[in-house]
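What follows is a single structure, written as structure tokens, with notes after it.
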Amino acid sequence: MRKIAKLPRILKINRVDGLTISVVFNNGESRVIDFQEVLKSIDAPRDSNARILLDPKEFKKVKLNNNTLSWKKAGQIITFKGKNRSVPFEIGPDMLYRFSKKDMEAPALAIGQLVREMREKAGLTQNGLAEKSGTSRNYISRIENDKSGIELSTLQKIVETGLGKHLEINIK
């Protein structure tokens, strides 16, 4: 049986700049998409209502609807069961992932960077920290390079047991 890849859901629009948009997914990742590239790649016809989105004022009217980016004015008329219906132009998570890249301007939790700095300050190798904290060198590497999420209990174990520090979390 073929396994279906599960895409994260779009939770929030971070910002809209010109014809680019940054969103955050439920996995915590922020990604940015350049809409001009999308229109080129899908080869939208010249008479397509989607072309209205090349106007930054119209593009900025994006809404999040059912975890999908949606523009009502750029929609189209479809016929369903003999009735014409207006539907918005939408970009879902699959399209966003295909045409986007990691948003380097989005505020991110710099946990990996902090772990690396504290490890180096303590004079430990990744292997040394892994042994002290009961994890693997590969896992420490993935955390430091932001390639893996981390549970709070594991972070606490790495910080307090491996690094000999106290973990404190603030929400502002």
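E117 fulfils the conditions (1) outside any strand (DSSP E or B); (2) in contact (Cβ under 8 Å) with a residue 60 or more places away in the chain except for a single criterion, (2). Pairs meeting the criteria (first residue in segment 22-36 and surrounded by fewer than 18 Cβ atoms within 10 Å (Cβ to Cβ), second residue in a strand (DSSP E or B), beta carbons under 6 Å, at least 6 apart or on different chains) are N26/L11; D34/T20. Name the single residue that is surrounded by the fewest Cβ atoms within 10 Å (Cβ to Cβ) among those in segment 152-172 being in contact (Cβ under 8 Å) with a residue 12 or more places away in the chain and within 23 Å of the chain's Cα centre (by Cα). This residue is I169.
Computed from the coordinates by the stated procedures, all read-outs in this text should not be read as laboratory data. If you're wondering where the values come from, they're calculated on a predicted model, not measured in any experiment. A quick note on method: Cβ atoms are made from the backbone with ideal geometry, for glycine too, and the neighbour counts reach across all protein chains shown.
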